[in-house]
Structure formats: C-alpha cells, structure tokens
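Have a look at the structure below, then the notes.
The values are calculated or read from the model by the stated rules, or taken from the named source; none is laboratory data. Remember, it's a predicted structure, so these values are computed and weren't measured experimentally. When we count neighbours, we look across all protein chains shown, and the Cβ atoms used for this are built from the backbone with ideal geometry, even at glycine.
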Amino acid sequence: MGWSPDGQFLIFWQNDPKMLSDLWILPLDDKKPRGFLNTPFNESHGQISPDGKWIAYLSNESGQTEVYVSSFPSGSGKKQVSLNGGTFPRWRANDGKEIFYLTSQFGGKMMAVEVKTSGPKLDFGTPKELFDSQFQNFSHPGHTGNWHTYAVSPDGQRFLIPRPVSQQVPGASVTVVLNWTALLKR
C-alpha cells in the first residue's frame, strides 16, 4: 500500500483466515517481513505520514470501519481519527498536517482532519466534510480493495476519485491530441 518517505519500509496487508487482514512491514535492509498490527480485527490501507513517524490505517475493531493513527514503526499510541465510520486514509503529502478519508457509506463524503504535532504527541481536529465524493466502489459495496481508491494532490487541494460513467458533468470534456510533437514543429 505504500512506502516510508525514506524508502526503507514497504507497508502491505496480508489476509489470514484466523486473524483476518493485518498490516505488515517489510524493512528493506534485512527483507524480513514482520507483522505490524496483528489483531483479530481487519486492518488495512496503511499510509505512512510524510515525516515517517506515524501510520494512518483503517480497522473494524470498534464494530465499524474507522480510521486510526499509530506511531511508526512501533505501532504504539493508537488514536481514532474518524467519527461514525471512515475508510481509505491519505495524508496531505507536502506537510502531513491533514488526513483525508471517506465516510463509510457507499458514495461517501470526503472528510479532512487537521493534524497537530508537538514533539512525540499527535492531536487531531474535528473531522470536516469537504464534499460528497460520489465514490463508487466498482467491485461491490463494502469491499475495501487492494488499491488506493482516490488520489490527493500534495497540497490537499485537488482529488482524483473514480465515478460512474453514467454521471455526466455539465460542460466537462476531454480532448486527446495525437501526434502532438508534430504541432511543435509548426
């Protein structure tokens, strides 16, 4: 699901019939995978913060899917970020001062939570709704998928979210220019 900013760790999840899905890390120095969060709950979609000190992930330990943050690489100090369900966390890449996530209902709202750091301490603001994402999980509702469901620009100002083809945006169009290098010679 991602890399640490220093390129030393790969984060992934693994399904196990006894433990459901768990987050794992692969340190690239010794290449020996180790469990990061191994609980009887589903944990997935781990995203390491831009400073490499924290990991945002989703878990169903509360009875519904929520977004949590723990320290990285130790996994200690877990805090819940989302309220009333959340999934698919992403950090604001340029400074890590926001976490974005989708609410858990189908076609959920895009939410943003301010992140404040003070030394080893991490505090979160109140989640704020940014917009209705109209995200459509094309496989089936409730399936979390082994991919990033949306992309966010490093400054957190633009989002790329899959939407059904049947939804037309008024005035939107795509122009494809073939052989565009020939136009440069004119």
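Restricting the stretch 10-55 to residues that are of a type in the set (S, T, Y) and assigned to a loop (DSSP other than H, G, I, E, B), which is modelled with the highest pLDDT?
In the first step, residues of the stretch 10-55 are kept if they are of a type in the set (S, T, Y); the result is 21, 39, 44, 49.
Those left that are additionally assigned to a loop (DSSP other than H, G, I, E, B): 39, 49.
Values: T39: 79, S49: 93.
Looking at residues that are of a type in the set (S, T, Y) and assigned to a loop (DSSP other than H, G, I, E, B), I get S49.
Would you mind stating whether Q47 is of a type outside the set (D, E), out of contact with any strand residue (DSSP E or B) (no Cβ under 8 Å at 6 or more places or on another chain) and within 26 Å of S133 (Cα to Cα)?
Answer is no for this residue.
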Every residue from the stretch 12-41 that is surrounded by 13 or more Cβ atoms within 10 Å (Cβ to Cβ) and of a type in the set (D, E, K, R)
D22
Can you tell me which of (1) surrounded by 22 or more Cβ atoms within 10 Å (Cβ to Cβ); (2) of a type in the set (G, A, S); (3) under 16 Å from T149 (Cα atoms); (4) in contact with a Gly (Cβ under 6 Å, 6 or more places away or on another chain) is the one S44 doesn't meet?
(4)
Here are the criteria: (1) surrounded by 16 or more Cβ atoms within 10 Å (Cβ to Cβ); (2) free of Cβ contacts under 8 Å to residues at least 60 places away in the same chain; (3) part of a strand (DSSP E or B). Tell me which single one E61 does not satisfy.
(3)
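How many residues are among the hydroxyl-bearing types (S, T, Y), surrounded by 14 or more Cβ atoms within 10 Å (Cβ to Cβ) and in a loop (DSSP other than H, G, I, E, B) if we restrict to the stretch 64-75?
Looking only at the stretch 64-75, we keep the residues that are among the hydroxyl-bearing types (S, T, Y), and these are 65, 68, 70-71, 74.
Subset that is surrounded by 14 or more Cβ atoms within 10 Å (Cβ to Cβ): 65, 68, 70-71.
Of the ones still in play, those that are also in a loop (DSSP other than H, G, I, E, B) are 65.
The total comes to 1.
Restricting the search to the stretch 76-92, which residues are in contact (Cβ under 8 Å) with a residue 40 or more places away in the chain and buried (at least 17 other Cβ atoms within 10 Å of the Cβ)?
Within the stretch 76-92, V81, S82, G86, T87, F88, P89, R90, W91, R92 meet the criteria.
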